[in-house]
1. For Pro84, all conditions in the list (1) within 15 Å of Asp21 (Cβ to Cβ); (2) modelled with pLDDT under 95 hold save one; what is the number of the exception?
2. Which ones in segment 19-29 are within 15 Å of Ala90 (Cα to Cα) and either surrounded by 15 or more Cβ atoms within 10 Å (Cβ to Cβ) or of a type outside the set (Val, Ile, Thr) (or both)?
3. Which residues, counting only those in segment 70-113, are under 18 Å from Arg29 (Cα atoms), within 13 Å of the chain's Cα centre (by Cα) and among the β-branched types (Val, Ile, Thr)?
4. Of all residues being surrounded by 14 or more Cβ atoms within 10 Å (Cβ to Cβ) and assigned to a loop (DSSP other than H, G, I, E, B) in segment 32-69, which is nearest to the chain's Cα centre (by Cα)? Just the residue, please.
5. Would you check which residues across segment 76-105 are part of a helix (DSSP H, G or I), surrounded by fewer than 15 Cβ atoms within 10 Å (Cβ to Cβ) and touching a residue at least 12 places away in the same chain (Cβ under 8 Å) and list them?
6. Please identify the pairs in which a residue from segment 14-30 that is outside any strand (DSSP E or B) has its Cβ atom under 8 Å from the Cβ atom of a residue that is of a type in the set (Lys, Arg), counting only partners at least 6 apart or on another chain.
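The values are calculated or read from the model by the stated rules, or taken from the named source; none is laboratory data. Since the structure is predicted, the reported quantities are computational estimates derived from the model, not experimental observations. Cβ: placed from backbone, ideal geometry, glycine included. Neighbour counts: every protein chain shown.
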Amino acid sequence: MTDSYGPSGPSRLAVAHTVTDGVTVLSLRGEVDFHTAARLRPALAAGTVGPFPRLVVDCREVSFMDSSGINALLAAYHATRDTPGWLRLAGLRPVVRRVVQITGVDTVIDCYATVGRALAS
């Protein structure tokens, strides 16, 4: 199953939703910033619903992320924190990995080199 969030057409952020072995995978493409985080938030919220939410955010094609993206990820993390589920990040490019590390997000959200590794862990 694949769903896209936000209006169709060109945008600075595209979000695709798939389910793999019962795990929601959000594949992001573009920039996550103040103007585009509104497109990301409902997709993250949908992925964290239920008693056992399992969500992988595929960031391989994210070229930029600012504090708005970090805040959206942290909100999703908090939605899973008191459940037996989890949120994982995968495929962080160096520029995005640096933001995640500087903010300390990598100390609360597990980060993996690939979606496959995030799904297998």
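1. Only one criterion is unmet by Pro84, namely (1).
2. Val23, Thr24, Val25, Leu26, Ser27, Leu28, Arg29 - these are the residues of segment 19-29 that are within 15 Å of Ala90 (Cα to Cα) and either surrounded by 15 or more Cβ atoms within 10 Å (Cβ to Cβ) or of a type outside the set (Val, Ile, Thr) (or both).
3. Ile70, Val96, Val100
4. Thr48
5. Val95
6. What qualifies is Gly22/Arg54.
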